[in-house]
Amino acid sequence: MVARESPGGTASSSDTAMTRRPGKYPNLILQKLVLIAAFASAVAGTSQQAVKLCASALISSCADCLQQHPDCAWCFQQGFLEGAVVSMRCGTITTLQARGCELQFIERQVTRATMNATASGTQVSPQEVTLHLQPGSEVSFLVQVRQLQVYPVDMYYLVDVSASMQDHLDRLRSVGVALSQRMRSHSSDFRVGFGSFVDKPMSPYINVHPSKIHNPCSDYGVQCRPAHGFLHVLRLTENTTEFTRVIQAQRISGNMDTPEGGLDAMLQVAVCQGDIGWRADAKRLLLVMTDQPSHLALDSKLAGIVVPHDGKCHLENNTYTHSTLMEHPSVGLLAEELLQGSIYSIFAVEQMQYKWYEELVSLLPGAHLGRLQPKAANLKDLVVEAYKKLLSQVEVRVGIQDKHAHMFSLNVSAHCPEASKNTARSRCSNVRPNQTVVFNISVSMSSCPSEREVLGFVRPVGFNESTVVRVRPACACRCGDQQHCGDELRRSEPNQANCSTVQAPDCRVGGDGGAGHHCSGRGRCVCGKCLCYTSRFGLIHGKYCQLDDFSCPRQHGLICAGTFCEKCPTCTGACQSHWKCVQCHLSSGLAEGNPSACNGSCPLLVEYVHDISEAKGERSASCLYPVDQRCHYRFHMDVGPKPTLVWISSRPECAEVQHYLPTFVLVFLLTFLLGLVFLATLSCLLQRWSRAPDESKRAVYAVTKEDTLRMAAAIERAGPCREQPLELRLHQLHNTAKSLHEVRWQ
C-alpha cells in the first residue's frame with residue numbers, strides 16, 4: 001500500500017492512525033509475512049500442478065503437451081529416451097533437462113505482449129498490441145489514455161415529439177440557440193443537429209383508423225404530424241440560424257401506448273454516421289429528451305414483428321424505413337453501437353420516469369441522466385453540467401470477438417492520476433485536461449481457438465481512438481528448423497502383422513542370438529524395436545529397455561544424474577558397468593599387491609588406494625559400489641584416450657546407525673523435569689503472595705491480654721473520661737492503639 005497525502009499536504013487519516021498506534025506495525029508485518037507465505041505456497045502448488053499435468057499419459061504430441069499447462073515443454077531431441085512412451089517427451093524444463101534433454105531441443109511457447117511502435121495516437125497509446133498466449137496462460141499490458149485541453153463538439157438533439165412533450169418543445173424553441181451559444185464557451189468548434197421520434201407507426205402503438213393515420217390529433221382540432229419511428233431533420237451544422245428555423249417548424253404527433261420508440265431512434269443516430277454528420281475528431285453528444293419510458297426488444301412482438309434488429313443503418317430520405325419490419329434493438333446492441341461510435345448519451349427526462357432511465361443508464365457506456373424540470377427550464381444547465389462530467393470521466397471497455405469470447409478472460413484495473421478518484425475498476429473520475437490515465441489489461445486464454453489470430457479491442461468510452469488487440473494462440477510446435485518433434489513415429493503404434501514377413505533384428509542385447517530376454521524383460525519387441533512398458537516406479541527407456549530412472553536413489557526427492565552418474569553413483573551407466581570388476585576384487589579380499597587378480601574377468605587397470613581423494617584425476621568420475629544397506633566402497637574411474645584406470649578404496653564407508661530411542665527418552669525426561677521445576681516454583685510464588693495479606697491483618701488486629709492491660713493503664717493516666725468530649729476520647733484511644741501496634745512490631 002502506498003500512503004498518499006491529502007491535497008493540503010498533510011498526512012492522511014490512515015497515516016495519522018498508524019502514527020498514533022505504533023502497535024499496528026507488528027500486525028502489518030505479520031500480514032505481509034502471511035501474504036508472502038501464501039504466495040510462496042501458491043507458487044509451489046502451481047509448480048506441483050504443472051509437473052502433474054505435464055506427466056499425463058494421454059499426451060501423444062507436442063501440441064497436446066503445450067496445451068496442458070503454461071509450464072509444459074516438449075523435447076524434440078533425436079534419440080531422447082529411446083523406447084519410452086512418447087508422453088515422456090513432455091514435462092517441465094527442469095524435468096526434461098534431468099532426463100537428459102538439452103535446452104536447445106526443448107520446445108516451449110513463451111507468453112508475451114508486443115507493442116506496435118509505428119501506430120501511435122494523440123489520446124490513446126499504444127494503438128496496436130499483439131499477444132502470444134497458450135492455454136492456461138495470462139499476459140498483461142498497459143494502455144494510456146490522455147485527455148486533451150479542448151475538443152470539437154458535435155451535439156445531436158433527439159426529441160420525443162409525442163403530444164405530451166408540447167411544453168418541452170415550446171421551451172426548446174426559446175433555449176435551443178442559448179444552449180448552443182453556451183456550449184461554444186467550452187468549445188469554439190461546435191456543431192448541432194436535430195431529429196425526432198414517436199413510435200412504430202402500426203397497431204397497437206398508434207390508432208390505425210384512416211382519419212388518425214395522417215392526423216393523430218384530429219379529435220382535438222389540432223393538426224399533428226403522422227407518427228414515425230425516427231425522422232432525421234437536420235444534419236450537424238454550425239449554422240445556428242438553420243437550427244432555430246428547424247426547431248420552430250416542429251410539430252407534435254401522437255400514439256396510443258405510453259412507451260415510446262426511443263431506442264430505435266438512438267440506434268439509427270449511432271450507426272448512420274454519414275447521414276448524421278458525426279466528425280471523427282469531435283466529442284459526440286446525443287441529447288435525448290422524453291417524458292416516457294422506451295420500448296425494449298421483444299415488445300414489438302405485440303405487432304407481429306419477430307425479426308431481430310440487425311444493427312445497421314436504414315435511413316432513406318432521412319426516414320427510418322425498417323421501423324415496421326424489425327424489432328426494437330436490445331440494450332446490449334445499443335450499448336455496443338454507442339461504444340463503437342464513440343457517442344456520449346445525455347438523457348433529459350421528467351421526475352416520473354427518472355427511476356426507469358436510471359436503470360437504463362447503468363447499462364449504457366458513457367451515459368448521463370438528468371432531471372428535466374417543467375417546461376425544460378433547466379435544459380441549459382443540465383446539458384452543460386453533463387458535458388463537463390462526461391469529459392472528466394475516463395473509462396475503457398475491453399472485448400473479444402463474440403464467437404471466441406468464451407475462451408478468454410479479461411480483467412481491467414485503472415490507475416488514476418493525482419486529484420482524481422477511482423469510481424470503478426475501469427473508470428477514473430475528475431480527470432483534468434492533459435492528465436493521463438493508465439489501464440492495466442490482463443488477458444488469459446483457456447483453450448485454443450481454430451483461427452490463427454483472434455481480434456479484440458480496448459476502447460475508451462467517448463474517444464475516437466482505440467487499441468486493437470491481436471491474440472495469436474501459441475498452440476502449434478515448430479520444433480527447430482527441421483520441424484520434427486519426435487512424435488510422428490509414435491502417433492500410430494507399429495503393428496507386428498505389418499512386419500511379420502520381414503526379417504527383423506532380435507530385441508535382445510547383442511542383437512540376433514544375444515543373451516537375455518527380449519527388451520530386457522521390460523518391454524515388447526515390435527518390428528525389431530523395443531516398446532518399453534510403463535512402470536509406476538518411473539521411466540523405462542533405452543534401445544533394449546535396459547535403462548530407467550528409478551534404480552537410482554533419490555536425494556531430496558530428485559533423481560540423481562550426471563554424465564557418469566556421479567550425482568548418483570549407483571545409477572545405471574558407466575559406474576554400474578564396472579561393478580563386476582569391483583565385486584571380483586572385493587571377493588578376493590583386495591589382496592595387497594595383487595590388483596591384477598581379476599584382470600581375466602574385466603580388462604581394466606585397477607589399483608588399490610587407502611585415500612581415494614588423492615587418486616582422483618582430471619577426467620575421473622566418482623562411483624560407489626553398495627555392499628549392504630549401510631556400507632559401500634568408493635572407486636574412481638579415469639576415462640581418457642588411454643585404457644580405463646580404476647582406483648578402488650580399500651576402506652569401506654559405512655553410515656552410522658541412528659539410535660532414536662535413547663534420544664527420545666532423554667528429551668522426554670528433561671522435559672518432564674523442567675515441567676516439575678516450573679510447577680514447584682509457581683506454587684511457591686503463589687503461596688507467598690497469598691500469605692502476605694494475612695500477616696498484615698494479624699499484625700493490626702491481633703491484640704493480646706498484655707496489650708489490653710497496657711491500654712487500660714494508659715487510660716487511667718489520662719484522667720476521668722467523662723469530663724472530656726467524645727471526639728477527644730476517641731482520638732486518645734486511637735493514639736494508644738497505634739503506639740501499642742508500633743511496640744508490637746518492634
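The values are calculated or read from the model by the stated rules, or taken from the named source; none is laboratory data. These figures come from a predicted structure and were not determined experimentally. All Cβ positions, even for glycine, are placed from backbone atoms using ideal geometry, and neighbour counts span all protein chains on display. All accessible areas refer to the heavy atoms of the entire protein, side chains included, with ligands and DNA or RNA removed. Shrake-Rupley method; radii C 1.70, N 1.55, O 1.52, S 1.80 Å.
Hey, any hits in region 257-277 for a residue that's of a type in the set (Gly, Ala, Ser), over 23 Å from Gln351 (Cβ atoms) and free of Cβ contacts under 8 Å to residues at least 40 places away in the same chain?
yes
Tell me whether region 301-317 contains one or more residues that are in contact with a strand residue (DSSP E or B) (Cβ under 7 Å, 6 or more places away or on another chain) and in a loop (DSSP other than H, G, I, E, B).
Yes: one or more hits.
Taking the conditions exactly as written (open to solvent by 50 Å² or more (accessible area, probe 1.4 Å), closer than 28 Å to Leu391 by Cα and of a type outside the set (A, V, I, L, M, F, W, C)), does Glu316 satisfy them or not?
No, not satisfied.
May I ask you to list pairs of residues, at least six apart or on different chains, whose Cβ atoms are under 9 Å apart, with the first in region 416-433 being part of a loop (DSSP other than H, G, I, E, B) and surrounded by 15 or more Cβ atoms within 10 Å (Cβ to Cβ) and the second being among the aromatic types (Phe, Trp, Tyr) and modelled with pLDDT of 90 or more?
From residues that are part of a loop (DSSP other than H, G, I, E, B) and surrounded by 15 or more Cβ atoms within 10 Å (Cβ to Cβ), the pairs are Ser426/Phe439.
For the list (1) in a helix (DSSP H, G or I); (2) farther than 23 Å from Arg284 by Cβ, I need the number of the one condition that Leu390 fails.
(2)
Consider region 368-387. How many of its residues are open to solvent by less than 20 Å² (accessible area, probe 1.4 Å) and part of a strand (DSSP E or B)?
Looking only at that region, the number is 1.
Name the single residue that is nearest to the chain's Cα centre (by Cα) among those in region 253-271 being buried (at least 21 other Cβ atoms within 10 Å of the Cβ) and assigned to a loop (DSSP other than H, G, I, E, B).
Ranking the candidates gives Gly261 first.
Considering only residues that are free of Cβ contacts under 8 Å to residues at least 12 places away in the same chain and closer than 27 Å to Ser164 by Cβ, look in region 175-211 and name the one that is surrounded by the fewest Cβ atoms within 10 Å (Cβ to Cβ).
Going through the qualifying residues, I end up with Pro210.
For Asp170, which of the numbered conditions (1) touching an Asp or Glu at 6+ places or on another chain (Cβ under 9 Å); (2) open to solvent by 10 Å² or more (accessible area, probe 1.4 Å) fails to hold?
All conditions pass for Asp170, except number (1).
Checking Arg651 against (1) modelled with pLDDT under 70; (2) open to solvent by 80 Å² or more (accessible area, probe 1.4 Å); (3) over 52 Å from the mean Cα position of the chain (by Cα), which test does it fail?
Checking Arg651 against (1) modelled with pLDDT under 70; (2) open to solvent by 80 Å² or more (accessible area, probe 1.4 Å); (3) over 52 Å from the mean Cα position of the chain (by Cα), the one that fails is (1).
Does Ile206 satisfy the criteria of being among the β-branched types (Val, Ile, Thr), part of a helix (DSSP H, G or I) and in contact with a Lys or Arg (Cβ under 9 Å, 6 or more places away or on another chain)?
No.
Listed residues Glu337, Glu350, Glu359, Glu385; which is more than 31 Å from the chain's Cα centre (by Cα), under 30 Å from Met202 (Cα atoms) and among the charged types (D, E, K, R)?
Being more than 31 Å from the chain's Cα centre (by Cα), under 30 Å from Met202 (Cα atoms) and among the charged types (D, E, K, R) holds for just one of Glu337, Glu350, Glu359, Glu385, which is Glu350.
List, please: which pairs have Cβ atoms under 6 Å, are six or more places apart or on different chains, and start with a residue in region 462-476 that is within 24 Å of Leu285 (Cβ to Cβ) and end with one that is of a type in the set (Phe, Trp, Tyr) and surrounded by fewer than 21 Cβ atoms within 10 Å (Cβ to Cβ)?
Ser466/Phe457
What are the pairs, 6+ residues apart or on separate chains, where a residue within region 516-529 that is in a loop (DSSP other than H, G, I, E, B) has its Cβ under 9 Å from a residue that is of a type in the set (Asp, Glu) and buried (at least 16 other Cβ atoms within 10 Å of the Cβ)?
What qualifies is Arg522/Asp548.
Six or more apart or on different chains, Cβ under 6 Å: which pairs go from a residue in region 393-413 that's assigned to a loop (DSSP other than H, G, I, E, B) to one that's surrounded by fewer than 14 Cβ atoms within 10 Å (Cβ to Cβ)? Could you list them?
Going by the 6 Å Cβ cut-off, the qualifying pairs are Gln401/Leu455.
Among the strands (runs of 3 or more DSSP E) contained in region 97-172, which hold 3 or more residues that are of a type in the set (Val, Ile, Thr)?
Because the criterion is at least 3 residues that are of a type in the set (Val, Ile, Thr), the strands (runs of 3 or more DSSP E) in region 97-172 that meet it are 138-146.
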